[in-house]
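Colleague: Let me begin by handing over the structure; questions about it come next.
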Amino acid sequence: MDRIRAPPAIELENISKNYGDIQALKGLSFRLEPGQRCALLGPNGAGKTTTLKILVGLLSPDSGYVRIGNYPPVSEEARRIMGYLPDDASPYRSFSVRENMEYIGALRGVDDVSEKVDRLLDALQLREYERAKVGRLSRGNLQKLAISLAIIHEPTVLFLDEPLNYLDIPTQEIVIDQLKMLNATILVSTHIMEVATRLTERVIMISHGSKIWSGSLSELKELGQDGEPIEKVVARMLTDAV
Amino acid sequence: MQYKLLKFVILSRFSKQLLALMLVLLLYALFVSFKTGSAGAEPIYYYYGPAFITFFLVLPILSGGIAVLKSDRDFLFTLPVKRSDLAISLFVVQLLSFGLIIIYVLAYSFSSLTSEIGYALTDFVALVLTVTSLGPMTYSLKARWRALIAFIILLWSLSVYLGFPLSPAAIYTGHPMYADLSSIILALITVPLAFRALLRVDLDMMKTFSRYSSGQVKHVRRFQGMSPIRAIFAENYFVVEVAGRMNSMGGGGSYRSGRFKLYKGMVATSILSALYYYLFVYRLSIPLHTAETAIFILSIYVIIILMFLTMGILGNERLWLGFMTRSPTRYLREILIAKALSIATLFSPLAIANFIIAIRGNEQALNFGLLLVTVLPSLLVIVVYVSAFLSPFQIKEEFTMPGQFNLRQMATLLPALPAWVMLAASFGALEQGLTSVASEITVFTSIIFVVAALFLLSSESLGRKLINNLVAAGFV
Ligand SMILES: Nc1ncnc2c1ncn2[C@@H]1O[C@H](COP(=O)(O)OP(=O)(O)OP(=O)(O)O)[C@@H](O)[C@H]1O
Ligand SMILES: [Mg+2]
């Protein structure tokens with residue numbers, strides 16, 4: 001059990017993906033070491049969401065391969081330890097907040113589902129909406145529910161697509177704390193630099209489906225000329241890449 | 001009247017190819033109806049006509065069918081157009097998606113109505129208007145009320161089989177005047193109500209939407225302590241979910257889904273089976289043809305209904321939730337097996353009634369019984385696969401149609417064809433007195449469909465392709 005609880009490495013090797021004529025990813029490769037928290041940064045349409053869908057095994061790449069630890073993402077081994085939050089995450093509509101959490105908890109084989117659900121309801125301040133049907137939630141509360149569904153089984157690999165969307169500032173802090181508490185390898189897709197700096201220590205920058213830079217946040221800061229804000233550095237790198 | 005508005009409303013809902021096909025179908029149906037005006041009543045329409053009329057009266061009520069798009073709420077309804085123009089445009093769209101079906105499917109039966117063709121035409125015009133109006137009239141009611149209205153109309157319309165004359169379907173049972181009287185009254189009630197509803201559709205849509213989406217669940221369902229497979233069965237076997245785009249053209253007013261507990265459904269099917277048994281064994285007075293014919297036609301219907309009700313099943317799934325909890329193809333397989341078994345269980349009382357009727361000497365009942373427990377569950381699986389490839393749509397919001405109707409959605413219904421053909425072959429054999437051949441064809445049909453479904457379920461690569469296709473279609 002301990003061996004499984006240790007976060008695995010993530011490897012993505014020479015991935016290409018086309019949607020019809022659109023080349024979404026072109027030979028993308030990168031690797032995350034066990035326990036690393038990394039931001040996948042890039043402008044709109046860069047291929048971030050596509051990359052995550054391939055990493056979690058919902059989309060097959062046209063070529064290249066993905067490894068979660070030593071396993072392909074569709075394997076039972078990988079799925080047990082993976083958590084995924086898509087952008088525009090929408091939970092099961094026929095369920096209430098609690099039912100969604102219990103159902104996914106049961107499917108995940110979580111022990112003591114009820115306790116886990118109670119803990120998350122309190123931590124994410126969803127208690128008062130426990131019985132509310134999903135259709136009634138505000139967009140922010142929906143996002144909180146989605147986050148709790150993605151982490152209910154305490155994953156050791158976590159893929160998050162724009163996780164802080166729709167959240168107010170105090171809630172962002174709560175979510176950031178919850179995510180940092182997990183002992184997991186984390187890849188966060190975002191186009192907002194601040195999200196990257198709050199949640200991660202490394203950055204992989206992609207544009208037009210290819211990697212243009214990767215390194216630690218401090219290395220990224222050093223690229224800026226005296227006191228230049230990091231957002232400016234990134235903006236320059238992304239424009240240069242075009 | 002603004003024709004631009006009308007054109008926009010139609011073209012934003014129907015693809016041009018589909019409109020062309022509908023026109024061809026309509027012309028063909030009318031052509032056939034006048035061409036085949038042979039004298040002598042076609043006995044088969046005695047069953048056929050009332051059953052179809054009933055079905056298409058009930059469909060728009062149950063499906064909550066109203067052809068309003070998601071984007072209408074954000075865009076069309078905010079435009080400064082005259083309410084009445086908008087209502088007329090929406091009525092026309094409603095006519096195209098629900099009302100005209102009556103012509104497509106029943107024009108053929110005019111051959112049996114030549115002696116009372118004037119009455120028949122009047123009856124049909126009134127029926128087309130009624131079917132058009134029922135959706136707008138009822139869509140904003142609670143499911144319970146819609147079910148009640150549908151049930152009353154169902155009983156009323158089917159009462160012609162017991163000799164009751166005052167019903168629109170009585171045109172087929174030799175009471176044309178009463179048929180006209182009842183359909184005209186029906187149209188006079190429904191059309192104004194539909195217009196009233198369409199005039200204020202923008203306001204009602206908001207209200208309906210907020211009422212349905214608000215509220216809390218009364219009893220929280222617990223999954224605590226369940227193994228994954230038990231949780232999957234709790235949700236996919238013990239709860240029956242129907243979801244489909246339901247209307248004449250295989251598309252639908254809205255992608256609606258409904259859920260009920262399996263045991264409640266079985267109470268209903270048990271009562272229906274008892275009624276069915278009683279009718280077929282003791283009561284059915286069949287002046288024109290045999291009980292076999294009636295059962296044969298029933299099985300054709302059951303297939304159609306099931307197809308409509310299951311094509312949207314994946315629409316309520318969530319790739320990022322269920323499909324992430326285990327190997328995605330395995331999850332797909334497990335939910336589909338659970339759902340197929342659920343349908344088989346739901347229909348099993350009816351199947352048992354059929355088996356008993358078969359033992360008592362009606363061979364066609366064996367066919368129907370087997371169909372219910374083998375072909376239908378298999379078709380569910382097949383339809384889910386076909387619709388996932390042809391017209392996948394995820395239900396993220398109820399009450400609105402997700403997009404245009406097009407030809408692809410209609411193609412989703414194609415798997416029904418082989419089932420019909422094989423049913424007809426078996427029926428034909430039975431009619432020729434080849435009883436053993438008929439039951440062989442029946443058993444063979446069952447095996448073919450079960451094997452096809454099992455093949456789909458077992459193919460790993462097909463499962464992967466299906467999931468990829470859903471992702472590409474924007475499923476989360
Ligand atoms: N289902 C799809 N069908 C066709 N093209 C798609 C599909 N999904 C994405 N694309 C295209 O692939 C490219 C990459 O899209 P992707 O969603 O991965 O970008 P992204 O980096 O997540 O962008 P954003 O920051 O806007 O979320 C885009 O050009 C997009 O138009
Ligand atoms: Mg994205």
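The values are calculated or read from the model by the stated rules, or taken from the named source; none is laboratory data. This is a predicted model, so every value here is computed, not measured. With ideal geometry, Cβ positions are generated from the backbone for all residues, glycine too; neighbour counts draw on all protein chains shown. Note: accessible area is taken over every heavy atom of the protein model, side chains too, but ligands, DNA and RNA are not part of it. Shrake-Rupley method; radii C 1.70, N 1.55, O 1.52, S 1.80 Å.
Colleague: Kindly indicate whether B:Leu288 is at pLDDT below 80 and assigned to a helix (DSSP H, G or I).
Modeller: no
Colleague: Whether any residue in region B:288-300 is touching a strand residue (DSSP E or B) at 6+ places or on another chain (Cβ under 8 Å) and assigned by TED's automatic domain parsing to the domain that holds B:Thr412 is what I want to check.
Modeller: no
Colleague: Now, a different point. Of the residues A:Ile176, A:Ile206, A:Ile169, which is β-branched (Val, Ile, Thr), over 22 Å from A:Pro7 (Cβ atoms) and more than 16 Å from ligand 2 (Cβ to nearest atom)?
Modeller: Details: A:Ile176 fails: over 22 Å from A:Pro7 (Cβ atoms); A:Ile206 fails: more than 16 Å from ligand 2 (Cβ to nearest atom).
From the options A:Ile176, A:Ile206, A:Ile169, the qualifying one is A:Ile169.
Colleague: Listed residues A:Pro61, A:Pro43, A:Pro7; which is part of a loop (DSSP other than H, G, I, E, B) and within 16 Å of ligand 2 (Cβ to nearest atom)?
Modeller: A:Pro43
Colleague: Still on this structure, please answer the following. Quickly run through region B:436-476 and pick out the residues that are within 14 Å of chain A (Cβ to nearest Cβ), in contact with a Phe, Trp or Tyr (Cβ under 7 Å, 6 or more places away or on another chain) and under 29 Å from B:Met422 (Cα atoms).
Modeller: Listed by number, the list holds a single entry, B:Leu466.
Colleague: Quick one: B:Leu341 ticks every box in (1) crowded, with 19+ Cβ neighbours inside 10 Å; (2) closer than 21 Å to B:Gly265 by Cα except a single one, so which number is it?
Modeller: Failing condition for B:Leu341: (1).
Colleague: Checking the conditions here, which among B:Leu341, B:Leu332, B:Leu346, B:Leu279 is modelled with pLDDT under 95, of a type outside the set (Phe, Trp, Tyr) and on the phi < 0 side of the Ramachandran plot?
Modeller: B:Leu279
Colleague: Let me ask something else about it. Output the residues belonging to region B:132-162 that are outside any helix (DSSP H, G or I) and either among the aliphatic types (A, V, I, L, M) or open to solvent by 50 Å² or more (accessible area, probe 1.4 Å) (or both).
Modeller: As a first pass, look at region B:132-162 and keep what is outside any helix (DSSP H, G or I): B:139-142.
Passing the criteria: B:Leu141, B:Lys142.
Colleague: Here is a further query. For B:Ser210, state whether it is modelled with pLDDT under 90 and either within 14 Å of another protein chain (Cβ to nearest Cβ) or crowded, with 16+ Cβ neighbours inside 10 Å (or both).
Modeller: So B:Ser210 passes the test.
Colleague: Return yes when A:Pro8 is on the phi < 0 side of the Ramachandran plot, open to solvent by 10 Å² or more (accessible area, probe 1.4 Å) and touching a Gly at 6+ places or on another chain (Cβ under 6 Å) and no when it is not.
Modeller: Spelling it out, A:Pro8 is indeed on the phi < 0 side of the Ramachandran plot, open to solvent by 10 Å² or more (accessible area, probe 1.4 Å) and touching a Gly at 6+ places or on another chain (Cβ under 6 Å).
Colleague: With the requirement that a residue be open to solvent by less than 40 Å² (accessible area, probe 1.4 Å) and either within 16 Å of ligand 2 (Cβ to nearest atom) or touching a Phe, Trp or Tyr at 6+ places or on another chain (Cβ under 9 Å) (or both), what does region A:18-34 give you? Working first, answer last.
Modeller: Looking only at region A:18-34, we keep the residues that are open to solvent by less than 40 Å² (accessible area, probe 1.4 Å), and these are A:24-25, A:27-30, A:32.
If the condition is that a residue be open to solvent by less than 40 Å² (accessible area, probe 1.4 Å) and either within 16 Å of ligand 2 (Cβ to nearest atom) or touching a Phe, Trp or Tyr at 6+ places or on another chain (Cβ under 9 Å) (or both), then A:Ala24, A:Leu25, A:Leu28 are the ones that fit.
Colleague: Out of all the residues in region A:40-58, is one or more farther than 26 Å from A:Asp240 by Cβ, surrounded by fewer than 17 Cβ atoms within 10 Å (Cβ to Cβ) and under 19 Å from the mean Cα position of the chain (by Cα)?
Modeller: Checking region A:40-58: not a single residue is farther than 26 Å from A:Asp240 by Cβ, surrounded by fewer than 17 Cβ atoms within 10 Å (Cβ to Cβ) and under 19 Å from the mean Cα position of the chain (by Cα).
Colleague: Here's something else I'd like to know. Scan region A:64-90 residue by residue and report those that are more than 16 Å from ligand 2 (Cβ to nearest atom), aliphatic (A, V, I, L, M) and at the interface with chain B (Cβ under 10 Å from one of its Cβ atoms). Lay out the reasoning, then the answer.
Modeller: Keep residues of region A:64-90 that are more than 16 Å from ligand 2 (Cβ to nearest atom), which gives A:64-83.
From the residues that got through so far, the ones that are aliphatic (A, V, I, L, M) too are A:66, A:68, A:74, A:78, A:81-82.
A:Val74, A:Ala78, A:Met82 - these are the residues of region A:64-90 that are more than 16 Å from ligand 2 (Cβ to nearest atom), aliphatic (A, V, I, L, M) and at the interface with chain B (Cβ under 10 Å from one of its Cβ atoms).
Colleague: Could you list, in sequence order, all residues of region A:91-114 that are open to solvent by 20 Å² or more (accessible area, probe 1.4 Å) and either under 20 Å from B:Val471 (Cα atoms) or within 16 Å of ligand 2 (Cβ to nearest atom) (or both)?
Modeller: A:Arg93
Colleague: Another question about this same structure. If you go through region A:183-197 one residue at a time, how many are open to solvent by 10 Å² or more (accessible area, probe 1.4 Å), modelled with pLDDT of 90 or more and either more than 21 Å from A:Leu55 (Cα to Cα) or within 16 Å of ligand 1 (Cβ to nearest atom) (or both)?
Modeller: Qualifying residue count, region A:183-197: 1.
Colleague: Now for a separate question. Is region B:221-231 home to any residue that is part of a helix (DSSP H, G or I), among the charged types (D, E, K, R) and at pLDDT 85 or above? Reasoning before the result, please.
Modeller: Initial filter on region B:221-231 (part of a helix (DSSP H, G or I)): B:228-231.
Retained after the next criterion (residues that are among the charged types (D, E, K, R)): B:230.
Filter once more, so that each one left must be at pLDDT 85 or above: B:230.
Among the residues of region B:221-231, at least one is part of a helix (DSSP H, G or I), among the charged types (D, E, K, R) and at pLDDT 85 or above, which makes the answer yes.
Colleague: What single numbered condition from (1) within 11 Å of chain B (Cβ to nearest Cβ); (2) away from ligand 1 (no atom under 16 Å from the Cβ); (3) in contact (Cβ under 8 Å) with a residue 40 or more places away in the chain fails to hold for A:Ser96?
Modeller: Looking at each condition in turn, A:Ser96 falls short on (3).
Colleague: If you go through region B:426-472 one residue at a time, how many are surrounded by fewer than 18 Cβ atoms within 10 Å (Cβ to Cβ) and within 16 Å of ligand 2 (Cβ to nearest atom)?
Modeller: 1
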